[in-house]
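Colleague: The structure that follows is given in the form of C-alpha cells.
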Amino acid sequence: MSTHIHSSDSRIEGVGRRRFWTAGVALAAAAAGAGLAWWRYSPGPLLSGAEAAFWEGRFPDPEGHELTVADWRGRPLLVNFWATWCPPCVEELPMLNAFHAEHEPRGWQVFGLAVDRPSAVREFTQRLPLRFPVGMAGLAGTELSKTLGNVSGGLPFTVVFGRDGMVLHRKIGKVSESDLSQWASLG
C-alpha cells in the first residue's frame, strides 16, 4: 500500500514539474515577444546626414504643387509618415488635425508625408480634410523614414523636429494623446 501512495506522489510531483516547466517556457516566450515588440517599435539610429537631407526635401502635394520642407525650419515640426491603406494611420489623423489646430498659433507645424498614390490621398482628404500640408512621398517615403530611424519601414511613423532642425523624438506606431501632449511641451 505504501508503494501505491509513493507512485501517486511521484505522479503528482511529475505534474507539478511539468506545470513549472510549462509556466517557465510561457514566461520566456512572453519575454521574447515583449523584447521583439520593443525592438520593432523602437526607432533605430539616425543615419549620418539624415536631418540635413530631410530639410532639403521637396515633395509635391496631392494636386502636384511643390512643398519645400525648409520653409518650416525655425519652428517645431511634427512629421507623420502615413498611408490611406494603413488603419492605425487613418485612426490617428483626427488627433494630428486637432494637434495642428491647437498648436499652430504657438508656432507648431504638422506635415504629413503620404507613402501612397496621389489619387488615393485626394479621395481620402475629400472625406477627411486635413488642416496641415500633405506631401506625396510615395515609396521613397519608406526609404526616407528608414534614414530617420524607422528600421522596419512600418507605418505610421512620426518624427518631431525642434526649432533648431534637430530630431527631438520619434515614434513607430500610432500616436496617442499623451504623446502629443509630451511633444507639445518640447516646442
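The values are calculated or read from the model by the stated rules, or taken from the named source; none is laboratory data. Remember, it's a predicted structure, so these values are computed and weren't measured experimentally. Cβ coordinates were reconstructed from backbone atoms using ideal geometry, including for glycine residues, and neighbour counts include every protein chain displayed. Protein only, heavy atoms only, side chains kept; ligands, DNA and RNA dropped before computing areas. Shrake-Rupley method; radii C 1.70, N 1.55, O 1.52, S 1.80 Å.
Colleague: Give the residue that is farthest from N80 (Cα to Cα), with candidates limited to residues of region 151-187 that are in a loop (DSSP other than H, G, I, E, B) and polar (S, T, N, Q).
Modeller: Per the criteria, the residue is S185.
Colleague: For region 170-185, check the following and say yes or no: at least one residue is closer than 21 Å to R58 by Cβ and touching a strand residue (DSSP E or B) at 6+ places or on another chain (Cβ under 6 Å).
Modeller: For region 170-185, residues closer than 21 Å to R58 by Cβ and touching a strand residue (DSSP E or B) at 6+ places or on another chain (Cβ under 6 Å): absent.
Colleague: Further question on the same structure: Sort through F111, F161 and tell me the only one that's within 19 Å of T68 (Cα to Cα) and free of Cβ contacts under 8 Å to residues at least 60 places away in the same chain.
Modeller: The unique qualifying residue is F111.
Colleague: Okay, moving on. Can you tell me which residue is farthest from the chain's Cα centre (by Cα) among those in region 95-123 that are in a helix (DSSP H, G or I) and buried (at least 22 other Cβ atoms within 10 Å of the Cβ)?
Modeller: Within region 95-123, the match that is farthest from the chain's Cα centre (by Cα) is V121.
Colleague: A further question follows. Hey, any hits in region 46-57 for a residue that's in a loop (DSSP other than H, G, I, E, B), at pLDDT 95 or above and of a type in the set (D, E, K, R)?
Modeller: yes
Colleague: Now for a separate question. Identify all residues within region 130-162 that are out of contact with any helix residue (DSSP H, G or I) (no Cβ under 7 Å at 6 or more places or on another chain), under 13 Å from L96 (Cβ atoms) and surrounded by fewer than 21 Cβ atoms within 10 Å (Cβ to Cβ); write none if there are none.
Modeller: Within region 130-162, P133 is the sole residue that qualifies.
Colleague: If you don't mind, there's one more thing I want to ask. Condition test on R127, is it in contact with a helix residue (DSSP H, G or I) (Cβ under 6 Å, 6 or more places away or on another chain), open to solvent by 20 Å² or more (accessible area, probe 1.4 Å) and farther than 29 Å from G49 by Cβ?
Modeller: When the stated conditions are applied, R127 does not pass them.
Colleague: OK, next. Being part of a loop (DSSP other than H, G, I, E, B), farther than 19 Å from G165 by Cβ and not basic (K, R) is the requirement here; does E63 meet it?
Modeller: yes
Colleague: Hey, another quick one. Does region 58-70 contain any residue that is modelled with pLDDT of 95 or more, within 21 Å of T147 (Cα to Cα), among the aliphatic types (A, V, I, L, M) and open to solvent by less than 10 Å² (accessible area, probe 1.4 Å)?
Modeller: yes
Colleague: Given the conditions (1) within 15 Å of the chain's Cα centre (by Cα); (2) in a helix (DSSP H, G or I), and given that N80 satisfies all but one, which numbered condition is not satisfied?
Modeller: Going through (1) within 15 Å of the chain's Cα centre (by Cα); (2) in a helix (DSSP H, G or I) one by one, N80 breaks only (2).
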